[in-house]
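Read through the structure below, which is laid out as structure tokens, and then see the notes.
The values are calculated or read from the model by the stated rules, or taken from the named source; none is laboratory data. Since the structure is predicted, the reported quantities are computational estimates derived from the model, not experimental observations. Using ideal geometry, Cβ is built from the backbone for each residue, glycine included, and neighbour counts are taken over all protein chains shown.
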């Protein structure tokens, strides 16, 4: 059963170490990073590692691509590895994906999008969902008709990011269009965009009538946020302990490269604290793990 508050799939962020941090604060539904189906079909080792999920529960694998055969291959692998659902990315605005017709570009080709949903839904026993946007740009808002097409093709759930592809992650999410989508389809709809805490989550649910919310950037440096939104109470935390634990998980998963992956996470955990810019500058310039840990300890000691 999917949680009413879920973690968004975020490329380069929601990897296994990040998900392990989130799991300390509850069993809500999490998503993998988007997995490129063509790369997986070519047996790329990094992409295959992203599908190493057998030790995780309540996890949905998000797939991105345009090739139906590769999409089916990836979906069946995800099911065999223990995923509880398959999500197809139809909202990412990254140029590389747009150029090959996948991600948010699929909103311009609803027939192709529907075909992908149909073949995947027929190939696995898991529910197939789609993460989409409200349209391509301000003059091409087609979320309602696109959503209806996907549901007719077999989509069991939709997540609507209340921005267009042209907006990227700028501007304000349009929750009213999410409301229109919810009113037009019979499957659960999740609201996404500008939802960062309990207050914004409750407001989004009230305004859209959505069945749940998906939290993206609001989770950065805040692995407790899903629990906080669900319960309305922020759990007690030791920020220093969390950062050091996350760093160790990244080092275990990525090896020496983990210190570079960790930099953005360290910055997110430290966000809002006086002197953070100077702190981050020093951390980004350092490659020795023990010295980085000392910097973190000195800067965040006693921070809740």
Taking region 168-205 as the search range and keeping residues that are under 21 Å from residue 141 (Cβ atoms) and free of Cβ contacts under 8 Å to residues at least 12 places away in the same chain, which one is nearest to the chain's Cα centre (by Cα)? 170
Of 152, 184, 166, the only residue that is in the same structural domain as residue 9 (by TED's automatic domain parsing), surrounded by fewer than 22 Cβ atoms within 10 Å (Cβ to Cβ) and in contact with a strand residue (DSSP E or B) (Cβ under 9 Å, 6 or more places away or on another chain) is 166
Those residues of region 101-115 which are closer than 14 Å to residue 38 by Cα and either at pLDDT below 95 or crowded, with 24+ Cβ neighbours inside 10 Å (or both) amount to 102, 103
Please go through (1) at positive phi; (2) under 16 Å from the mean Cα position of the chain (by Cα); (3) at pLDDT below 95 for residue 58 and return the number of the only condition it doesn't satisfy. (3)
Do we have residue 158 as under 20 Å from residue 64 (Cα atoms), in the same structural domain as residue 10 (by TED's automatic domain parsing) and assigned to a loop (DSSP other than H, G, I, E, B) here? no
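Can you spot a residue in region 192-209 that is under 25 Å from residue 115 (Cα atoms) and in the same structural domain as residue 60 (by TED's automatic domain parsing)?
Here is the first cut: in region 192-209, the residues under 25 Å from residue 115 (Cα atoms) are 192.
Then drop every residue that is not in the same structural domain as residue 60 (by TED's automatic domain parsing), which leaves 192.
Yes, some residue in region 192-209 is under 25 Å from residue 115 (Cα atoms) and in the same structural domain as residue 60 (by TED's automatic domain parsing).
Just need a number here: residues in region 27-50 that are part of a loop (DSSP other than H, G, I, E, B) and crowded, with 19+ Cβ neighbours inside 10 Å. Don't jump to the end; show me each part of the working.
From region 27-50, those part of a loop (DSSP other than H, G, I, E, B) are 27-29, 42-44; that's our starting set.
Within this subset, residues satisfying the condition of being crowded, with 19+ Cβ neighbours inside 10 Å are 28-29.
Here the count works out to 2.
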With the structure loaded, tell me whether residue 202 is under 30 Å from residue 146 (Cβ atoms) and part of a loop (DSSP other than H, G, I, E, B) or whether it fails that test. no
Check 267, 277, 262, 285 and return the single one that is over 23 Å from residue 49 (Cα atoms), in contact with a helix residue (DSSP H, G or I) (Cβ under 8 Å, 6 or more places away or on another chain) and not assigned by TED's automatic domain parsing to the domain that holds residue 220. 267
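Report yes if some residue within region 120-140 is in a helix (DSSP H, G or I), exposed (fewer than 15 other Cβ atoms within 10 Å of the Cβ), more than 19 Å from the chain's Cα centre (by Cα) and assigned by TED's automatic domain parsing to the domain that holds residue 84; otherwise report no.
Step one: list which residues in region 120-140 are in a helix (DSSP H, G or I), which gives 120-123.
So of that shortlist, the ones also exposed (fewer than 15 other Cβ atoms within 10 Å of the Cβ) come out as 122.
Then keep just the ones that are more than 19 Å from the chain's Cα centre (by Cα); that gives 122.
Next, from what is left, pick out any that are assigned by TED's automatic domain parsing to the domain that holds residue 84: 122.
So far as region 120-140 goes, yes, one or more of its residues are in a helix (DSSP H, G or I), exposed (fewer than 15 other Cβ atoms within 10 Å of the Cβ), more than 19 Å from the chain's Cα centre (by Cα) and assigned by TED's automatic domain parsing to the domain that holds residue 84.
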Can you find even one residue in region 214-236 that is without any contact (Cβ under 8 Å) to a residue 40 or more places away in the chain and farther than 26 Å from residue 178 by Cα? yes
Which of the residues belonging to region 161-192 are outside any loop (DSSP other than H, G, I, E, B), touching a helix residue (DSSP H, G or I) at 6+ places or on another chain (Cβ under 6 Å) and closer than 19 Å to residue 60 by Cβ? 189, 191
